[in-house]
Amino acid sequence: MTALLPRAARGTGAVPRRRRRDDRRVAWLFIAPVLIGFAVFYLYPTVRGVWWSFTDYSLLGDPTFVGVKNYAAVLQDKEFWNSMGVTLYYVIVNVTTQTALALLLAALMHRLTRSVMLRTTLLLPWLVPNVTVGLVWLWLLDTNLGFVNHLITSMGLPAVGFFTNPALGIPTISIVNTWAFTGYTALLFYAGMLQIPADLYESASLDGAGEWRLFTRITLPLLRPVMALVLVVSLIGSFQIFDTVAVTTKGGPVNATRVIYYYIYQQAFTFFHMGYAATMAIVLVVILGVLTAVQLRLLRASESQLA
């Protein structure tokens, strides 16, 4: 046995240290597909979009460098700011209704039932493609042929132009997307509630606290990190609203539902102002970055009262 040991270890009782296996190459091999996909589908389009924002590009010719001319035009574009206003209106309505309903559903599941079947049912609308959701609700709410208006007129009331009335366009689209995404948001809140120790509720109940007091004094404060995540994701997702508008109203009537993503799409693929559209996209990214940072700061997302 001694003969098998290195000379330096003989007679000393020392056992040679095994070389640590270097797994970095294997790790890079496993994450390479993700890195390649990120570079091809995210990094390269982003870099190219930034370059296009400084050019006059129409998809029909070579880009021509124009400096910051596009950015100056965006800042003076009334249609751009009108679309931003429409989008902000949609974001406020959608995020408010979706968050409130999701919190209510999550609290009911947490305090009353934890049925797997119920959770599966809540998730089903989120699994349906947005285009399909838009088409289904378009058929249901159509002014002339929709089932909902058929019920309204059968009661002797006039038909309601859910998608054709400028005052109802954005609220209707908000309701459609709230129906589609509330279940998923509720499950996020529900998962956060499961992390709250049950003995906190038991102690508060013994002290005479009712359900509303338990919700406001225990659930909401301890749910802050999840709340911050949901609000940030909902904010970014709401600003990216496009497919529902494209399927139902196409920005009408009278541009009442022309959100910023649909306006960028029109500039790029209807009017072929690709450079200008890229500029608006970059401006939107900056605005979303600022709003997200402010939101995270106000919500103190990194803090939690859970020990």
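The values are calculated or read from the model by the stated rules, or taken from the named source; none is laboratory data. Here the structure is a predicted model, which means the values were calculated and not measured. Cβ sites come from the backbone with ideal geometry, for glycine too, and all protein chains shown count toward neighbours. Heavy atoms of the whole protein, side chains included, go into the accessibility calculation; ligands, DNA and RNA do not. Shrake-Rupley method; radii C 1.70, N 1.55, O 1.52, S 1.80 Å.
Structure notes:
- Selection status of ARG224, basic (Lys, Arg), more than 23 Å from TYR265 (Cα to Cα) and open to solvent by less than 60 Å² (accessible area, probe 1.4 Å): yes
- All positions within the stretch 208-217 that are under 25 Å from VAL116 (Cβ atoms) and open to solvent by 20 Å² or more (accessible area, probe 1.4 Å): GLU211, PHE215
- Residue that is polar (S, T, N, Q) and touching a Pro at 6+ places or on another chain (Cβ under 7 Å), where the choices are THR64, THR46, THR55: THR55
- Among the residues of the stretch 45-95, those identified as at pLDDT below 95, among the hydroxyl-bearing types (Ser, Thr, Tyr) and open to solvent by 50 Å² or more (accessible area, probe 1.4 Å) are THR46, THR64.
- Any hit, the stretch 29-38, residues being at pLDDT below 90, open to solvent by 90 Å² or more (accessible area, probe 1.4 Å) and farther than 22 Å from TYR265 by Cβ: no
- Each residue in the stretch 266-293 was checked for being over 19 Å from the mean Cα position of the chain (by Cα), surrounded by fewer than 18 Cβ atoms within 10 Å (Cβ to Cβ) and not in a loop (DSSP other than H, G, I, E, B), and 2 pass.
- Verdict on PHE162 being out of contact with any Asp or Glu (no Cβ under 9 Å at 6 or more places or on another chain) and either surrounded by 14 or more Cβ atoms within 10 Å (Cβ to Cβ) or of a type in the set (A, V, I, L, M) (or both): no
- Whenever a residue of the stretch 45-60 is farther than 15 Å from PHE269 by Cα, its partners that are surrounded by fewer than 14 Cβ atoms within 10 Å (Cβ to Cβ), lying with C-beta atoms within less than 8 angstrom and at least six residues away or across chains, give the pairs PHE54/PHE65; PHE54/GLY67; PHE54/VAL68; THR55/THR64; THR55/PHE65.
- Residues in the stretch 127-158 that are more than 22 Å from PHE242 (Cα to Cα), hydrophobic (A, V, I, L, M, F, W, C) and open to solvent by 70 Å² or more (accessible area, probe 1.4 Å): 5 in all.
- Being modelled with pLDDT of 90 or more and out of contact with any helix residue (DSSP H, G or I) (no Cβ under 7 Å at 6 or more places or on another chain) is true of GLY237.
- The residue that is nearest to the chain's Cα centre (by Cα), among those in the stretch 236-264 that are in a helix (DSSP H, G or I) and surrounded by fewer than 17 Cβ atoms within 10 Å (Cβ to Cβ), is GLY237.
- For the stretch 119-158, filtered to residues that are small (Gly, Ala, Ser) and part of a helix (DSSP H, G or I), the residue that is nearest to GLY183 (Cα to Cα) is GLY134.
- Wholly within the stretch 40-118, helices (runs of 4 or more DSSP H) carrying at least 1 residues that are aromatic (Phe, Trp, Tyr) and under 30 Å from LEU220 (Cβ atoms): 78-111
- Under the condition of being open to solvent by 50 Å² or more (accessible area, probe 1.4 Å) and of a type in the set (Phe, Trp, Tyr), the residues counted in the stretch 181-207 number 2.
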